[in-house]
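First comes the structure, then the notes that go with it.
Derivation of every value follows stated rules applied to the coordinates shown; laboratory data play no part. The model shown is predicted, which means the values in this text are computed figures rather than measured ones. Glycine gets a Cβ as well: all are built from the backbone with ideal geometry, and neighbour counts include every protein chain shown.
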Amino acid sequence: MLLDIQDIHVHYGKIEALKGISLQVDEGEIVTLIGANGAGKSTTLKTISGLRPLSSGKVVFEGRDISKMPGHKRVLVGIGQSPEGRGVFPGMTVEENLYMGAYARKGDASKTLAEVYELFPRLAERKKQFGGTMSGGEQQMVAIGRALMTDPKVLLLDEPSMGLAPMLIQQIFDIIKEINRRGKTVLVVEQNAQQALSLAHRAYVLETGAVVKSAPARELLDDPQVRAAYLGGD
Ligand code: ATP
């Protein structure tokens, strides 16, 4: 098992945002976390990447307890996150933004850069353009590309479809599938449950800081409760 989250509790002040979440991600999988606003999806990702401290529980990566490891070291062991809201540097070019993902890496990142450009030809076309002048969809590509530049063993994606037009959402999800097909493990948080469940192998449903369901993603697409709550279905 690549990533093993064991009974994590996380607080914002007195508010308990995560009330004992456990989840696992195996190598080669796409796993998705779905749930309503405020369910704790982003907090779970931030806890895995080390941006939020744990109150209790464990984050185990490749068999090693990294619960107390600072975020910048987690990048080095193979946890790469593309944050919610993208965080593209507006005054840097696309290529400079991408290289920010590689600054802590040892060795040459040019091969990874070529792979990122292969996945996102649009970024190759616009590599000299400033980040701030890119469209929402293009900035999402920069954010995912930058996370890939860390050469992660697991890629954490927070709401990659947020704010994008339907055609672009499809494009981003197709690229995530391709990233996985090329061997990357992916953990993706999404409010767009339909797309996320169509993409992922397995899924966890979060409600108010707890996992209420976990199953193969395809099963959840047919689950009446999930359909009613998250897929706008009957
Ligand atoms: P969203 O899609 O809206 O980001 P989410 O499922 O990712 O939802 P989280 O953002 O993880 O949910 O939030 C979980 C809980 O923690 C919510 O009750 C939220 O109000 C609270 N929370 C999140 N960030 C903060 C913060 N910086 N300060 C205080 N409370 C927070």
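Could you give the size of the charge dipole of the chain about its Cα centre, using +1 on the Cβ of each K and R and -1 on the Cβ of each D and E, expressed in debye and rounded to the nearest 20?
Numbers: 28 positive and 27 negative charges, 135 e Å.
With Lys and Arg at +1 and Asp and Glu at -1, about 640 debye.
Quick check: Cα centre of the stretch 80-119 to Cα centre of the stretch 192-215, how many Å?
Result: 28 Å between the Cα centres.
Only Cα pairs within less than 10 Å get springs; with that Gaussian network setup on the chain, which residue of ILE30, ILE48, ILE175 has the largest fluctuation?
In the Gaussian network model the winner is ILE175.
Between rounded, prolate and oblate, where does the stretch 86-131 land on the alpha carbon gyration tensor, with a ≥ b ≥ c its root eigenvalues, rounded for a/c under 1.5, else prolate if a/b exceeds b/c? All intermediate terms of the calculation are to be shown ahead of the outcome.
Details: a/c = 2.16, a/b = 1.18, b/c = 1.84.
Note, shape of the stretch 86-131 comes out oblate.
Please state the shape class of the stretch 170-228: rounded when a/c is under 1.5, otherwise prolate if a/b exceeds b/c and oblate if not, all from the C-alpha gyration tensor. Don't skip to the end; give the middle numbers.
Working: a/c = 2.03, a/b = 1.74, b/c = 1.17.
Taking the square roots of the gyration eigenvalues as a ≥ b ≥ c, the stretch 170-228 is prolate.
To one decimal place, what orientation-averaged projected area in nm² is obtained for the convex hull of the Cα set of the stretch 96-234?
Values: hull surface 37.7 nm².
With the hull built on Cα positions only, its mean projection is 9.4 nm².
How high is the relative contact order of the stretch 56-164, in percent, counting Cα pairs under 8 Å that sit 6 or more residues apart? List each step's numbers first, then the result.
Details: 140 pairs, mean separation 44.9, N = 109.
Result for the stretch 56-164 is 41 percent.
Give LYS111/LYS153; LYS106/LYS127; LYS184/LYS213; LYS58/LYS177; LYS73/LYS106; LYS46/LYS111 a once-over and call out the pairs whose C-alpha atoms are over 19 Å from each other.
On the way: LYS111/LYS153 16 Å; LYS106/LYS127 23 Å; LYS184/LYS213 25 Å; LYS58/LYS177 29 Å; LYS73/LYS106 13 Å; LYS46/LYS111 28 Å.
Pairs exceeding the cut-off: LYS106/LYS127; LYS184/LYS213; LYS58/LYS177; LYS46/LYS111.
Does the chain classify as rounded, prolate or oblate by the C-alpha gyration tensor (a ≥ b ≥ c root eigenvalues; a/c under 1.5 gives rounded; else a/b over b/c gives prolate, otherwise oblate)? Please list the in-between numbers first.
Working: a/c = 1.73, a/b = 1.28, b/c = 1.36.
Cα axes put the chain in the oblate bin.
What does the charge count near LEU197 come to, summing +1 for each Lys or Arg and -1 for each Asp or Glu among other residues with Cβ under 11 Å from its Cβ? Could the numbers behind the result be given before it?
Details: positive: ARG202, ARG218, ARG227; negative: GLU190, GLU219, ASP222, ASP223.
Summing Lys/Arg as +1 and Asp/Glu as -1 gives -1.
If I take every Cα pair under 8 Å that is 6 or more residues apart in the chain, average their sequence separation and divide by the length, what percent do I get for the relative contact order?
Numbers: 457 pairs, mean separation 64.2, N = 234.
27 percent.
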